[in-house]
Structures are given as C-alpha cells and as structure tokens.
Amino acid sequence: ERRYDFRGEHQAGITTPAQDRMHFAAFDMDPRASREDLVALLQDWTSAAERMTDGRGAGSLGPLSGPYDAPPDDTGEAIDLPPAGLTITFGFGSSLFGGEGSGKDRFGLAARRPAALERLPHFPGDNLRQQLSDGDLCIQACSDDPQVAVHAVRNLTRIAMGRAHLRWSQLGFGRTSSTSDAQSTPRNLFGFKDGTMGLRGEETDAIDEHVWVSSGADPRAEWMTGGSYLVARKIAMRIEPWDRSSLREQERVVGRTKAEGAPLSGGTEFSQPDFAVKGRGGQPMLALGSHVGIAHPSHNDGVRLLRRGYNYVDGNDEMGRLAAGLFFIAFVTDPRTHYIPMQTKMSRDDLMQEYVQHVGSGLFAVPPGAQGDRYVGQGLF
Ligand code: HEM
C-alpha cells in the first residue's frame, strides 16, 4: 500500500512517483478575506492535508463521531479507503500578490512576489478560457484512487468556505509521465508513449538543476528555496482529425514510433534522438519540426522538464466531438528559462500544433515542504 509523507524538505507530488489519477483545483480568495484569513486557511489546509495523506479523515473528529447536530468535519466518501499514494501539493498564483494588473496588495505580499511569478504570456494559437485559467491558489491532489483525490479537494474546498472559493478544477486519469525509474511508460490519448525522456526523481543532480529553486535565485523570494514553479496547461486534442490521420503522419508529428516509442532516427525507446540521420530522399528521418525535435534539450539550451500531466475526457461537446486532451503539468526551477521559450517555439513551429489547442493556463509558485510543525507557505509571511 502506497503512503507518502506530507511533511518534508519539498512538497510531495513533484518527484514522488506519478500516481494514476489527479484532481487539480484553483481557488480565489473571497473579496473580504484578510491576511489573517489567508494564514489561517493555510494552517487549516496543512493539518487537513497531513491527515488525509496519512489515510485519516480531514478533521480530528472524523466523518461519523462529531456532534450529531453539526456538519461532520470529514465528508465520508473515503471511509475504508487507503490513501492509495495520495499527495497534496499547494501553490500560489501571481494574483495573490496584488500589483501586476490586479491593483491592490490585499495581503501585503507584493514585496515578496517572485520575479518569475507573472501571468504566462499569450502564445500563438492559445484559445484560453478565463474560467479555466489562473487563480490565487492551487491544489494538485494525486492518488491511484480517483475517489481519494476528489475527497481531498472536496474537503479542502469545504474547509476554505468563507475565505476562498473554487475557481476552476480538472479531473485527470491515466498519468502521461513517469517520474521514477521504477515506472513503465504510459500512453497519452494520441496513443503514443509519453514521458520517456521526462526527469525522474532518482536523477537528483538534474532535479536540483531543473526543478527546485535554489537559495539566492531571487532575493525577494528566499521563501521559495526548495520550492518549484508549477505550469498547468489544459490542452484540448483534436481527436477526430488525429484519428483520421495516417500512422505515418502521426509518427512524423511526434518524431517517435507508435509501437515502441523509439526516435524515428533509430534505436529503441530510450535511445537518444539523432537529428543528423537522413532518409532515402535526403530528408532528416526525425523532423526538426516534430514534437521531439522542438522539445529536445539539445534545441533548448539543455533544458529538461519534470512533466507530470494527465489525460482527461470531459464528455463531449455539442457537435458530438470528444472533449478530450492532456492536462499538462510541469515543475520547473524558473518558467522564464524552462517553459516560456520552449512553449513559444512549440506554439509556432511544432507539427503537433495542428492537432491541439491550449484552452486553460496557470502558473503557480509552489513553496517548499512544510517541516516540523510549520504550515505550508509559512516562509512567505
Ligand atoms: C516529449 C506528447 C505537450 C514538452 C513528448 C513525447 C510525446 C509527447 C509523445 C515523446 C515521449 C517522451 O519523451 O515523453 C505530448 C502531447 C502534448 C504535449 C500529446 C499535448 C497535448 C507538451 C508541452 C510541452 C512538452 C506543452 C512543453 C512546453 C515535452 C518535452 C519532451 C516531450 C520536453 C521530451 C523531449 C525529449 O527530451 O526528447 N511529448 N506533449 N510537451 N514533450 Fe510533449
């Protein structure tokens, strides 16, 4: 049975092995909430998250044994369920810090806003919905049991009542990454292996370089040391055109074989792509405009991403098309070096752009883990 510690140097849910299900939620603070309310909310969230991660109810009384005439301090749908590897990861959006468009510095945090925490720019082809984007706070809950992940977000939302409210949320099934050497490579809804070249928790030097924020990185935001930045992108897939494209076209777009996930330049799944290998017509076997060609570290100043996304299907639209895609999540040391340049290039040149559309977006500062008896994000206050 899988169980992770909520407390630690870093928050769980980043380098811990990606579970199979996700419930992601973004919140806004209530208009009248004060700085004290925000602190109290983070304290309450910390204790509830620690309990639920451990397989206990959200509150100390539990779903069944509180006063008969009061609402229970846990909603009950996880009674008898093990945590199934539950992790709960908290983040702060730029709007929490005031300034930058939103004007008022309601919580007195503007002076401590990390320079890296700004709304992501508009990328070519973006079709973002306001109701699927941004937010003052976020929670990523992952578990191998969807009911456990939903239970966590539901109870944290309930606890926030009167202080913060849900802005948008997303369910995901089927991880599209591996964050541990012990995991096999899953497939995304295009049917391709996904996560082959993702950063693994075991690569501690590379994780320090590409994921965690190091001390001194931003003098205004020392409180982020040991934290990371969470990039969330809801990416709709044009499933029907994709399903009518040939296998040749699909492999050309991705730059890998569908069967094994090997680069089109040859080898097996974990072989490095070789962009110099030419085919019969003198054309590169592995197109520079393929997804792998765009995203490979050799074309991005050595940048590697810890991807931790999920497949999603939100039923269908009014035209009878599957409302499906990939809820992309990446944890990066700095979005200005590790996400914005790659996405800019991808939105412009990636052959895959024809089959996807970005509809939601968020960037969140994920503080380090809460250690001892501290609450998550305490270093900010
Ligand atoms: C690699 C699919 C969006 C960054 C891959 C691979 C697939 C894939 C099949 C090859 C296997 C692997 O190494 O994991 C998708 C799909 C997407 C999507 C279906 C959207 C619907 C993105 C976005 C980014 C990204 C938005 C970042 C801006 C990467 C990176 C690699 C990769 C860095 C590894 C490249 C390498 O080192 O060879 N993706 N991806 N992907 N993708 Fe994506």
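Values quoted throughout were computed directly from the atomic coordinates according to the rules given, and no laboratory measurement underlies them. Everything numeric here is computed off the predicted structure, so don't read it as measured data. Cβ sites come from the backbone with ideal geometry, for glycine too, and all protein chains shown count toward neighbours.
I need to check one value: relative contact order of the chain, counting alpha carbon pairs closer than 8 Å and at least 6 residues apart, in percent. Each step should come with its number before you reach the end.
Working: 871 pairs, mean separation 95.8, N = 381.
Relative contact order here is 25 percent.
Considering helices alone, the calculated mean residue ellipticity of the chain at 222 nm is -5500 deg cm²/dmol, with DSSP H runs of length four and up weighted by -39500 (n - 2.57) and normalised per residue.
So which chymotrypsin sites (Phe, Trp or Tyr not before Pro) in segment 1-84 pass both tests, a DSSP loop state and at most 10 other Cβ atoms within 10 Å of the Cβ? Qualifying residues, ordered by number: Tyr68.
Residues whose amide H falls under 5 Å from that of His10, counting only those 5 or more places apart or on a different chain, are Gly369, with hydrogens built in the peptide plane.
Which net charge results when you count Lys and Arg as +1 and Asp and Glu as -1 among the other residues whose beta-carbon is under 14 Å from that of Thr344? Surrounding charge for Thr344 is 0.
Exposure proxy ranking for Ser177, Ser228, based on other Cβ atoms within 10 angstrom of each Cβ and starting from the fewest, stands as Ser177, Ser228.
Skipping prolines and chain starts, which residues have an amide H placed within reach, meaning under 5 Å, of the one on Thr75, given they are 5 or more residues away or on another chain? Residues meeting the criterion, in which the H sits 1.01 Å from N, are Ala58.
For the chain, what number of Lys pairs, 8 or more residues apart or on separate chains, have alpha-carbon atoms under 21 Å from each other? Please report the intermediate quantities before stating the final value.
Working: Lys193/Lys234; Lys193/Lys258; Lys234/Lys345; Lys258/Lys278.
Pairs that pass both the separation and distance tests number 4.
For Ala84, the residues whose amide H sits under 5 Å from its own are Arg2, ignoring neighbours fewer than 5 places away on the same chain, with H placed 1.01 Å from N.
Between the C-alpha center of segment 121-192 and that of segment 1-57 there is a gap of 13 Å.
Please give the charge dipole size of segment 21-369, origin at the Cα centre, charges +1 on K and R Cβ atoms and -1 on D and E Cβ atoms. Round to the nearest 20 debye.
Working: 37 positive and 44 negative charges, 178 e Å.
That gives a dipole near 860 debye.
Phi angles across segment 62-77 convert, under the Karplus curve 6.51 cos²θ - 1.76 cosθ + 1.60 with θ = phi - 60°, into 3J(HN,Hα) values of x, x, 10, 10, x, x, 4, 9, 10, x, x, 8, 8, 7, x, 6 Hz, Gly and Pro given as x.
Among Leu86, Thr46, Ala221, flag the residue with its Cα farthest along the positive direction of the charge dipole of the chain, charges on Cβ as +1 for Lys/Arg and -1 for Asp/Glu. Checking the options against the dipole of the chain, the answer is Ala221. Its relative contact order, with pairs defined as Cα atoms under 8 Å and 6+ residues apart, puts segment 217-288 at 16 percent. With the highest mean first, a sort of the peptides 141-154, 214-227, 335-348 on other beta-carbon atoms found within 10 angstrom per residue produces 141-154, 335-348, 214-227.
Phi angles across segment 243-258 convert, under the Karplus curve 6.51 cos²θ - 1.76 cosθ + 1.60 with θ = phi - 60°, into 3J(HN,Hα) values of 5, 9, 8, 6, 4, 4, 4, 4, 5, 5, 5, 6, x, 9, 6, 6 Hz, Gly and Pro given as x.
Between helix 340-349 and the chain there is an angle of about 40 degrees, using the helix long axis and the longest principal axis of the Cα atoms.
For a footprinting-style exposure proxy, rank Asp105, Asp350, Asp20 by other Cβ within 10 Å, fewest first. Please report the intermediate quantities before stating the final value.
Values: Asp105 13, Asp350 23, Asp20 18.
Ascending number of Cβ neighbours within 10 Å: Asp105, Asp20, Asp350.
Across segment 86-176, the relative contact order, built from alpha-carbon pairs under 8 Å that are at least six residues apart, equals 35 percent. Taking the Cα centre of segment 225-292 as reference, the dipole from Cβ charges on Lys and Arg (+1) and Asp and Glu (-1) amounts to some 200 debye. Think of the chain as having a plus end and a minus end, set by charges on the Cβ of Lys, Arg, Asp and Glu; of Ser290, Leu230, Ser169, Ser290 sits farthest toward the positive end of this dipole. At most 14 other Cβ atoms within 10 Å and a DSSP loop assignment: could you name the trypsin sites (Lys or Arg not before Pro) in segment 47-116 that fit? Taking segment 47-116 and a limit of 14 other Cβ atoms within 10 Å, the loop trypsin sites (Lys or Arg not before Pro) found are Lys104.
Taking loop as defined by DSSP and a crowding limit of 15 other beta carbons within 10 Å, which GluC sites (Glu not before Pro) in segment 182-212 fit? The qualifying sites are Glu202.
Once Rh is set to the Kirkwood radius over Cα pairs, what Stokes-Einstein translational diffusion coefficient, in µm²/s, holds for the chain at a temperature of 25 °C and a viscosity of 0.890 mPa s? Let's see the in-between values first.
Details: Rh = 21.5 Å.
Answer from the Stokes-Einstein relation: 114 µm²/s.
Taking the chain as a Gaussian network of alpha-carbon nodes connected by springs under 10 Å, the highest mean-square fluctuation of the residues Asp74, Asp134, Asp317 belongs to Asp317.
Under a point-charge model restricted to the Cβ atoms of Lys and Arg (+1) and Asp and Glu (-1), what is the dipole moment magnitude of segment 261-364 relative to its Cα centre, in debye to the nearest 20?
Numbers: 9 positive and 10 negative charges, 58 e Å.
The dipole of segment 261-364 has a size of about 280 debye.
Cβ crowding within 10 Å ranks Leu137, Leu247, Leu42, Leu351 as Leu247, Leu351, Leu42, Leu137, fewest other Cβ atoms first.
Extension gain for His122-Arg336 works out to 75.7 nm (0.36 nm per residue, less the C-alpha to C-alpha distance).
Our coupling estimate for segment 161-169, obtained by passing each phi through the Karplus curve with A = 6.51, B = -1.76, C = 1.60 and θ = phi - 60°, is 3, x, 10, 8, 9, 5, 9, 7, 8 Hz, Gly and Pro reported as x.
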